[in-house]
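*Asks:* Below you'll find the structure I mean.
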Amino acid sequence: QTASFSMVQQLPIPHASANIADIVEKVSPAVVSILVTQKAQPGQIQRGGHPFGEFFERFFDEETMRQFRQQLPQGGEDGRPQGPRAQGIGSGFIIEKDGFIVTNNHVIDGANKIQVKLHDGRNVEAKLIGADAKTDLALLKIEVEEELRTVKFGDSANMRVGQWVLAMGNPFGIGKTATTGIVSARHRNIGAGPFDDFIQIDAPINKGNSGGPAFNLKGEVIGVNTAIFSPSGGSVGIGFAIPSNMAKNIIDDLKTDGTVKRGWLGVQIQQVTPELADSLDLGKARGVLVSKVVEDSPADEADLKRGDVILNVDGTEIQKLSDLPRVIAFIDAGDTARLSVWRDGKRNSLKVEIGSTPDEAKVAKASADGDRVQGMQLSELDDQARRSLGLSADLDGVVVFRVTSGSPAAEIGLRRGDVIVSAGNKEIENPEDL
């Protein structure tokens, strides 16, 4: 027993290879608090009686809502009282000396007024340069006379599970706070949007940390903290950050154009199951199956066909459903991409000139696992599905592919195999309609 205890004592204890306090001191001046205000408009629907209901439900508990919410009716130009004013708090970080600041879209979404609280305590009004709801990123700009302290983006692709991270932000509005932890996982899909690829961290982040940076031990931003999993409302050690490599591309677009231009292929896709892989002689489930090609789209012009399995785009393997939309989205419109496609039992190579996403189109829209409505995953009702379900050939609708337990769909009794033919007295022909 003594010998065993001695051996345990000699084991090295993991520790950070850099002084965390030095990193905090270095980056802290570039980390800011975001103060947002929204005024209710006449006739505006309010969740929970509050115009910022969705924001507060996600990021503040009831006590914090009472602390920061102000109900101050004010007269408008016509003399009539205007709606109540709602205030919320998030975080952000300065990336350029002349005042460009990164935060989350949900932090500033719908705000009438945005203020940035700087390291020295000043509140400076900010202008929204652009925002992207699909990746939950936003770019702000403030005007100050002096050059500001900044932080720079690092390479999130180099972050490995187990590496140290430092998170900073303004949890619950109490003031700038630093926490440490490790990368718990990578490539997390939490159903937040079509381009989910989060870094999971266990550094404690809470409501109000949204939009703040996650640093590596070089003091580089490797993620933008954006969400937590929390049954209790507080940190349970499961937080999610947008990878810096994704954020850099989005922020560059927002700075240049105020909007994000994404590549477009023009296909609807579904996951390749083991059963599908066997029927297609793929060997194992991989890639994504093309279930529909949009007419006159880049995919149509490149001769992609329904039933093709896309395995690879420009050397990037497509392993799961969310990979293809993300890869295509970050290819510039007009560029040529090389696709590796499985067709008729063999691999083929196709070249496609990537298009620009039309207003009404979704990038590489998923027709199975990708279409989620009220806890349902949906797929189109094609001839094969009609035959397997014993339905008439002229019936249109969408098939419920999966129902999440406890979801609104589950609560009203919808289940796998149901076919939805109408909603709101409107006919449904595809998942997008629903």
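The values are calculated or read from the model by the stated rules, or taken from the named source; none is laboratory data. A quick note: this is a predicted structure, and the numbers were derived from the prediction, not measured. Heads up, the Cβs are rebuilt from the backbone with ideal geometry, glycines too, and the neighbour counts pull from every protein chain shown. In case anyone asks, the SASA skips ligands and DNA or RNA and just uses the protein heavy atoms, side chains included. Shrake-Rupley method; radii C 1.70, N 1.55, O 1.52, S 1.80 Å.
*Asks:* For Val224, indicate whether it is at pLDDT 95 or above and either of a type outside the set (A, V, I, L, M, F, W, C) or touching a Pro at 6+ places or on another chain (Cβ under 9 Å) (or both).
*Replies:* Spelling it out, Val224 is indeed at pLDDT 95 or above and either of a type outside the set (A, V, I, L, M, F, W, C) or touching a Pro at 6+ places or on another chain (Cβ under 9 Å) (or both).
*Asks:* How many residues, within segment 399-434, are part of a helix (DSSP H, G or I) and either within 14 Å of Arg386 (Cα to Cα) or small (Gly, Ala, Ser) (or both)? Write out each step before concluding.
*Replies:* From segment 399-434, those part of a helix (DSSP H, G or I) are 408-411; that's our starting set.
Keeping just the survivors that are either within 14 Å of Arg386 (Cα to Cα) or small (Gly, Ala, Ser) (or both) gives 409-410.
Number of matching residues: 2.
*Asks:* May I ask you to say which residue of Val224, Val290 is under 30 Å from Asn348 (Cβ atoms), out of contact with any Ser or Thr (no Cβ under 7 Å at 6 or more places or on another chain) and open to solvent by less than 10 Å² (accessible area, probe 1.4 Å)?
*Replies:* Exactly one residue qualifies, and that residue is Val290.
*Asks:* Kindly provide the set of residues from segment 316-353 that are among the β-branched types (Val, Ile, Thr), free of Cβ contacts under 8 Å to residues at least 40 places away in the same chain and in a loop (DSSP other than H, G, I, E, B), ordered by number.
*Replies:* Correct list: Ile318 only.
*Asks:* Within segment 232-244, identify whether any single residue is open to solvent by 50 Å² or more (accessible area, probe 1.4 Å) and within 16 Å of the chain's Cα centre (by Cα), and answer yes or no.
*Replies:* Looking through segment 232-244, at least one residue is open to solvent by 50 Å² or more (accessible area, probe 1.4 Å) and within 16 Å of the chain's Cα centre (by Cα).
*Asks:* Yes or no: Phe195 under 14 Å from the mean Cα position of the chain (by Cα), without any contact (Cβ under 8 Å) to a residue 60 or more places away in the chain and under 25 Å from Ile94 (Cβ atoms)?
*Replies:* On the way: under 14 Å from the mean Cα position of the chain (by Cα): yes; without any contact (Cβ under 8 Å) to a residue 60 or more places away in the chain: no; under 25 Å from Ile94 (Cβ atoms): yes.
Answer is no for this residue.
*Asks:* For segment 257-287, enumerate the residues that are touching a Lys or Arg at 6+ places or on another chain (Cβ under 8 Å), open to solvent by less than 30 Å² (accessible area, probe 1.4 Å) and under 15 Å from Lys320 (Cα atoms).
*Replies:* Gln268, Ile269, Val272, Ala277 - these are the residues of segment 257-287 that are touching a Lys or Arg at 6+ places or on another chain (Cβ under 8 Å), open to solvent by less than 30 Å² (accessible area, probe 1.4 Å) and under 15 Å from Lys320 (Cα atoms).
*Asks:* Give me the residue from segment 159-172 that is touching a residue at least 40 places away in the same chain (Cβ under 8 Å) and open to solvent by 30 Å² or more (accessible area, probe 1.4 Å) and, out of that set, farthest from Ala214 (Cα to Cα).
*Replies:* For segment 159-172, the residue satisfying everything is Phe172.
*Asks:* For Asp136, are the conditions met, namely being among the acidic types (Asp, Glu), modelled with pLDDT of 95 or more and farther than 16 Å from Val32 by Cβ?
*Replies:* When the stated conditions are applied, Asp136 does not pass them.
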